[in-house]
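The values are calculated or read from the model by the stated rules, or taken from the named source; none is laboratory data. Everything numeric in this text was worked out from a predicted model, so none of it was measured. Please note: Cβ atoms are built from the backbone with ideal geometry, for glycine as well, and neighbour counts cover all protein chains shown. The accessibility values were calculated without ligands, DNA or RNA, using every heavy atom of the protein model including side chains. Shrake-Rupley method; radii C 1.70, N 1.55, O 1.52, S 1.80 Å.
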Amino acid sequence: MVNQPISKGDFAGYTKDKIIKGLYQEKDVQEEATVNYNMMNHVVNHLLDVDSYGTVFMYATNQDLTTAPRHIIRMTEPVDPELLREALKIALLRFPQMGLGLKRGKTQYQYRLLSEPPVVLPFEDISPYYIGSEDTNGYLFCCGYKDSTIYLEYQHCTSDGRGFNEFIKCVLFYYLKLRGYAIENDGSIRTLESDFHPDENEDGFAKLRKAKQSDENHVPEVPAFHLPEYDGMEDEDELTTEITLPFSQIRRYVKQNHISPLTFLMTALCHAIYRTYYEGTDHKEAIVAEVPMDLRTYIDSPTVRFFVALLDLPFHYEYFHLPFAEACRKLSDFFDTQRALPHAAFWALKNADRVSTGHKADMPIDEKEKMMREQARAYIRRDSFILTNIGPFQIPISMERHIADYGAILPCAHQPFGVLVSSYCDTLKIALSQRDLRPNLVDNLVAVLSEIGFRAHTYSYMFHPTRYDGKRLGGGDKN
């Protein structure tokens, strides 16, 4: 049975025993859930549609692109894997677009429907698994647990960070319900109380095409800082450090100085990179971040698919000679021109068209994989690293008492660093992954922040993302 869309299915009416017996097999539970059959054919037909940009991740591996970002939820008590697995099953009824696998065809990758249930795996910071393979029953997400921690990773072709958080919140909601806690949905979580709508799976870039586009403020790329000595280490373990700061203090600072949290963090990171890799050398190239910007800010779409513009943010060498706040303002003024809708739409659609053309090209899959991977590597190496901010993880207050901490990791892939910014309650977290296993960069970042009045806390560990390779796909119904 495929994951069918449901209409107004009231989870509160189900007994815990019925859920544990399995939503996919229990006939009376299936009959109690009102299936919107009028929508079913339309939904299934469009569930397998691809979006304009996410397909690039189908052809890449974890050594080329960040194919499997990791979200980490630390609970206040040990995780029950059986209840977590049942929560996944329920969440998939509300998010059928997450119940997909991939198949590698003769000329392109395609989504496929899965009928086997999802799995919950014992997990470590260094993952031994392949996403979309037999390991995950074919699913393009990986769910794991260790002690009091839940790990959720996703193949980037299916979603982006903010989109995947919608699915995570639904999983956590039903997990805590199954544990028997008195939690309530304040309307911020997509549960079975609301219908799945095909727009939640739409290609947002189709709507973006209706927006005004302009290359007027586009700035040609500049030579970017790199660490070529780490090339060839794309499948090695990474050093990841979670750096936490009081978010309320950052908000006060950026408001006083008329800047954004993103440009504040970029300036601090660049000063740390300068102290680590520039001092005593002849490096003078710009440090350029690739910044994924959520296009839902401008285009009204409930989609959880990949829907971002990948914008460049260069920190020029001369900025190191400016006072910290002034350098932040320089970045903010520049970035405002790049993230303005006409330019963001122009650049996002230019890149989406390149990816979509490649995906549709009539050529053998081996050749297409090689082409898409070379294009992907060339594109991301225009920049020094990716700096992404997935925003606040907001859940009902009734759930907060059970969730101690939240964060996410962006793997390095074909770059020396990966930086992901998130926040939960009043804590802002910078997850810094790096190929260089020395602590110098983190130590310098903490020092830079201290000099402007911020006390940062750090937690470091070795990390490896769940791997992805299209030749390792499997699990579920191999249709």
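Overview of results
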{"item": "Residues of segment 282-324 that turn out to be assigned to a helix (DSSP H, G or I), in contact with a Leu (Cβ under 7 Å, 6 or more places away or on another chain) and farther than 16 Å from LEU349 by Cα, as a count", "result": "0"}
{"item": "Qualifying position, being under 30 Å from LEU349 (Cβ atoms) and either surrounded by fewer than 18 Cβ atoms within 10 Å (Cβ to Cβ) or in contact (Cβ under 8 Å) with a residue 12 or more places away in the chain (or both), among SER214, SER248", "result": "SER214"}
{"item": "Top-ranked residue of segment 443-475 - restricted to ones that are part of a loop (DSSP other than H, G, I, E, B), more than 22 Å from GLU242 (Cβ to Cβ) and open to solvent by less than 20 Å² (accessible area, probe 1.4 Å), ranked as modelled with the lowest pLDDT", "result": "GLY475"}
{"item": "Filter result for the condition that a residue is of a type outside the set (Val, Ile, Thr), over 29 Å from ASP312 (Cβ atoms) and buried (at least 21 other Cβ atoms within 10 Å of the Cβ), over LEU140, LEU152", "result": "LEU152"}
{"item": "Flag for ARG251 being part of a helix (DSSP H, G or I), of a type outside the set (Val, Ile, Thr) and more than 30 Å from TYR111 (Cα to Cα)", "result": "yes"}
{"item": "Filter result (in contact (Cβ under 8 Å) with a residue 60 or more places away in the chain and farther than 26 Å from TYR379 by Cβ) within segment 269-297", "result": "HIS271, ARG275"}
{"item": "Single match in LYS177, LYS89 (criterion: part of a helix (DSSP H, G or I), farther than 20 Å from PRO69 by Cα and open to solvent by 20 Å² or more (accessible area, probe 1.4 Å))", "result": "LYS177"}
{"item": "Lone unmet requirement of (1) within 23 Å of ASP294 (Cβ to Cβ); (2) part of a helix (DSSP H, G or I); (3) touching a residue at least 12 places away in the same chain (Cβ under 8 Å) for ALA327", "result": "(1)"}
{"item": "Some residue of segment 417-426 being open to solvent by 20 Å² or more (accessible area, probe 1.4 Å), touching a residue at least 12 places away in the same chain (Cβ under 8 Å) and within 22 Å of the chain's Cα centre (by Cα)", "result": "yes"}
